[in-house]
Amino acid sequence: MLIKRLKLKNIRSYKEADIAFPEGIVLLSGDIGSGKSSILLSVEFALFGLLRGELAGSSLLRHGSQEGFVELTFNINNVDYTIRRTLKKNKKSIEQSAGYLLVNGVKKDASATELKSEVLNILGYPKELLTKSKSLIYRFTLYTPQEEMKRILFENEEDRLAILRKVFDIDKYERIKQNAANYNRGLKEKVRQFEGRIADKKEKQELKEQIVKDLDQTLEQIKSIQPNIELAKTELENIKKELEQVEKTKQKVDVITNEIKIFEIKVKSKEQSIKDKEEEFAVVKNKILLLKNELKEVKEDVKSKIDLVKDSISRKEKEISGLRSEIAALNAKKSHSNEVKVKINQLSVCPTCLQEVSANHKLKIVDAENLKISEFDKEISEKESKLKELEQGLLDSKNHLEKLLQADREIAVQKLKSKQLNELTEKEKEIEQFIEKAKIEIEKLALEVKNRKKELEPLLVISKTYEKIRTDFEKAVEKERNLAVEFASVNQKKSSLQNQLSVVEKELEKKAEIEKKLVKLKKIIHWIADYFVPLMDIIEEHVMNSIHFEFNSLFQDWFSMLIDDDLMSAKLNEKFTPIIEQNGYETSVNSLSGGEKTACALAYRLALNKTINKVMSSIKTKDLLILDEPTDGFSSEQLDKMRDVLEQLKLRQIILVSHEQKIEGFADSIIRVSKEEHSSRIL
């Protein structure tokens with residue numbers, strides 16, 4: 001892995017920066033607090049994002065800024081990767097927002113977690129680190145912040161060993177053993193379950209034997225019942241055939257008997273009909289005699305006379321009506337003359353000329369009106385006399401008409417009686433014919449009855465056996481039914497026993513399978529407990545010894561190179577704690593000077609880096625090393641030794657943070673950092 005470029009905006013003390021990183025030894029030079037370590041923290045943030053408890057958003061985003069970003073470009077196996085992460089400030093906290101990853105110019109937007117997953121895959125780091133808040137592999141291979149490497153030297157031995165076990169992933173063997181123990185507990189639980197499921201195997205086997213015994217007895221019962229059923233069926237079939245023959249005969253007897261009854265009913269019906277017709281004949285004959293006596297000869301036709309009389313009556317009624325109208329008119333005129341007389345006698349002044357009316361004049365008018373009244377009375381008297389004559393004539397005509405109508409009605413009655421006589425005479429003939437025909441039919445029916453009774457005699461003998469055969473048939477049916485019920489019951493018992501046997505056999509088969517599984521499970525439990533777990537202990541010990549040997553060897557080499565003192569050497573004990581030997585005596589790191597402690601820490605750091613890269617072959621960051629103030633407290637001679645150390649590392653890129661002027665002499669490139677008015681910048 002090679003770091004090529006880093007862009008910053010509003011990160012820690014940087015407002016904005018664009019830093020190019022060449023290959024070789026790159027020195028980040030500047031005064032203490034100028035912002036050198038901020039560059040290294042930005043690289044770590046770009047790769048892994050915020051790390052809970054290690055790298056917070058509040059420590060990265062520049063104070064007073066609402067948003068900032070880090071963009072890192074690096075190369076692995078000739079493939080360029082650019083990753084960008086953004087920080088945003090909200091009301092409560094500073095959080096990561098979505099970023100992106102460029103691979104050879106192809107952009108992929110992703111969340112913070114997705115970016116970390118992609119980076120772990122690119123760097124070849126274990127995927128388990130995705131949920132970890134701290135990347136120990138990165139911290140102990142690529143970059144360790146100031147003072148953190150010294151801190152590991154002074155950690156409690158058990159804590160240090162735990163850290164190194166995590167770094168080298170040796171604690172996976174403990175996890176494997178724990179998982180194996182958990183798995184074994186699960187298997188033992190299964191064993192207990194399986195043993196519980198086969199605990200009743202003996203009872204099930206005994207049950208199977210009992211079912212087999214009962215089934216054999218049931219099959220014997222079926223064998224003994226079957227012949228009886230066949231015999232009963234044959235007997236039933238024979239009786240059924242005999243019964244069917246007798247039933248046919250009985251049906252024929254019933255048919256003939258019904259026919260005889262029908263014929264006899266018909267005879268009685270015909271006889272009754274003859275009797276009824278004879279009575280009806282006597283009545284008709286009597287009516288004929290009566291009608292003959294009542295009939296008279298009709299000689300006069302009165303129809304024309306009735307019409308003449310009706311015309312006469314109509315004319316007279318019109319004349320009477322006319323006379324009455326004339327008399328009424330004359331009476332009206334007479335009344336008017338009387339009114340004139342009354343009015344003239346009462347009148348004193350003429351209403352027209354307003355002159356006084358004289359008595360003479362009144363008398364003339366009264367006389368004239370009296371004359372008119374006399375004429376009216378005469379004319380009324382004449383007309384009333386004539387009216388009386390007409391009314392008497394009308395009454396005579398109406399009486400005459402009534403006599404004529406009575407005569408006409410009598411003629412109609414005679415005609416009706418004549419018609420009735422003809423009808424009765426015809427009815428008499430019909431009755432005589434019906435009686436004669438009915439008597440012939442009675443003779444035929446009597447003959448039919450005689451023939452049917454003759455046909456019935458031999459059939460009655462056979463039908464008398466019907467009840468006995470019917471009883472025998474019902475007994476045979478009952479016998480066959482009882483045997484069938486018994487057979488069905490036994491057969492059902494057989495089926496039930498067979499089903500029970502099948503269920504028990506399946507249960508026993510399952511229990512046999514469980515026993516096989518049980519044996520297998522017990523073997524697995526035994527193998528895990530007695531072979532696999534001890535093997536993990538052996539492998540863990542072997543790996544730990546191998547790492548210790550490699551680590552110790554490298555640590556001794558780097559220590560002797562950095563501290564050129566024949567009387568002082570160093571080694572690691574079994575818990576990876578540095579042991580210093582001086583003048584033949586063992587002493588602790590605490591007894592060393594400041595520069596010696598830094599040298600010891602650097603030797604430990606370089607040895608750890610080399611060992612991790614060797615042991616974890618999948619890591620793709622082996623060509624890069626970042627050292628943050630690795631020479632704190634070094635003497636001039638130790639700084640010279642540092643050149644030899646860096647050359648011996650033979651890495652494509654080493655990024656150094658230091659404020660030592662002497663180191664600038666053996667750096668291939670220098671990136672100078674300064675800080676003015678709380679803002680860092682690249683010179």
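Annotations for the structure displayed:
- Answer from Lys208, Lys223 - the residue that is in a helix (DSSP H, G or I), touching a Leu at 6+ places or on another chain (Cβ under 9 Å), under 30 Å from Val485 (Cα atoms) and of a type in the set (Lys, Arg): Lys208
- Any chance Val349 is surrounded by 12 or more Cβ atoms within 10 Å (Cβ to Cβ) and at pLDDT below 85: no
- Output for the stretch 492-501, where each listed residue is surrounded by fewer than 16 Cβ atoms within 10 Å (Cβ to Cβ) and either within 17 Å of Glu206 (Cβ to Cβ) or in contact (Cβ under 8 Å) with a residue 60 or more places away in the chain (or both): Gln498
- Taking the stretch 655-679 as the range and being in contact with a helix residue (DSSP H, G or I) (Cβ under 7 Å, 6 or more places away or on another chain) and either surrounded by 18 or more Cβ atoms within 10 Å (Cβ to Cβ) or free of Cβ contacts under 8 Å to residues at least 24 places away in the same chain (or both) as the test, the residues that pass are Leu656, Val657, Glu660, Ile663, Val673.
- Note on the stretch 668-683: residues that are modelled with pLDDT of 90 or more and either part of a helix (DSSP H, G or I) or touching a Ser or Thr at 6+ places or on another chain (Cβ under 8 Å) (or both) amount to 9.
- Meets criteria (modelled with pLDDT under 80 and either in a strand (DSSP E or B) or of a type in the set (A, V, I, L, M) (or both)) for Leu129: yes
- Where a residue in the stretch 54-67 is among the hydrophobic types (A, V, I, L, M, F, W, C) and its partner, wherever it lies, is part of a loop (DSSP other than H, G, I, E, B), with Cβ under 7 Å and at least six apart: Ala56/Leu50; Leu60/Arg12
- Lone qualifier among Leu231, Leu215 - being out of contact with any Gly (no Cβ under 7 Å at 6 or more places or on another chain), surrounded by 15 or more Cβ atoms within 10 Å (Cβ to Cβ) and part of a helix (DSSP H, G or I): Leu215
- Any hit, the stretch 297-304, residues being surrounded by 12 or more Cβ atoms within 10 Å (Cβ to Cβ), over 30 Å from Glu443 (Cβ atoms) and at pLDDT below 85: yes
- Residue tally, condition part of a helix (DSSP H, G or I) and buried (at least 19 other Cβ atoms within 10 Å of the Cβ), over the stretch 579-596: 1
- Within the stretch 593-607, the presence of at least one residue that is aromatic (Phe, Trp, Tyr), more than 30 Å from Asn78 (Cα to Cα) and touching a residue at least 24 places away in the same chain (Cβ under 8 Å) is confirmed.
- The set of residues in the stretch 454-503 that are touching a Leu at 6+ places or on another chain (Cβ under 6 Å) and either aliphatic (A, V, I, L, M) or modelled with pLDDT under 75 (or both) comprises Ile469, Phe473, Ala476, Leu497.
- Checklist (1) out of contact with any helix residue (DSSP H, G or I) (no Cβ under 6 Å at 6 or more places or on another chain); (2) buried (at least 17 other Cβ atoms within 10 Å of the Cβ); (3) modelled with pLDDT of 85 or more applied to Gly57, failing item: (3)
- Out of Phe555, Phe576, Phe559, sole residue that is in a loop (DSSP other than H, G, I, E, B), surrounded by 15 or more Cβ atoms within 10 Å (Cβ to Cβ) and in contact with a helix residue (DSSP H, G or I) (Cβ under 9 Å, 6 or more places away or on another chain): Phe576
- Taking (1) closer than 22 Å to His678 by Cα; (2) surrounded by 15 or more Cβ atoms within 10 Å (Cβ to Cβ); (3) touching a residue at least 40 places away in the same chain (Cβ under 8 Å) in turn, Lys89 satisfies each apart from (3).
- Residue within the stretch 516-535 that is in a helix (DSSP H, G or I), modelled with pLDDT under 90 and under 15 Å from Leu207 (Cβ atoms) present: no
- Counted residues, the stretch 6-29 - those being modelled with pLDDT under 95, buried (at least 22 other Cβ atoms within 10 Å of the Cβ) and outside any strand (DSSP E or B): 0
- Residue match in the stretch 636-654 (condition: touching a helix residue (DSSP H, G or I) at 6+ places or on another chain (Cβ under 9 Å), within 16 Å of Val26 (Cα to Cα), part of a strand (DSSP E or B) and in contact (Cβ under 8 Å) with a residue 12 or more places away in the chain): yes
- Asn552 being without any contact (Cβ under 8 Å) to a residue 12 or more places away in the chain and under 19 Å from Lys610 (Cα atoms): no
- Filtered residue count, the stretch 577-602, keeping only those that are touching an Asp or Glu at 6+ places or on another chain (Cβ under 8 Å) and of a type in the set (A, V, I, L, M, F, W, C): 2
- Any hit, the stretch 40-52, residues being in contact with a Gly (Cβ under 8 Å, 6 or more places away or on another chain) and in contact (Cβ under 8 Å) with a residue 60 or more places away in the chain: yes
- Those residues of the stretch 132-158 which are closer than 20 Å to Lys571 by Cα, assigned to a helix (DSSP H, G or I) and at pLDDT below 80, in sequence order: Phe140, Met149, Lys150, Arg151, Ile152, Leu153
The values are calculated or read from the model by the stated rules, or taken from the named source; none is laboratory data. These numbers come from a predicted model, not from an experiment. Here Cβ is always computed from backbone atoms with ideal geometry, including for glycine, and neighbour counts include all displayed protein chains.
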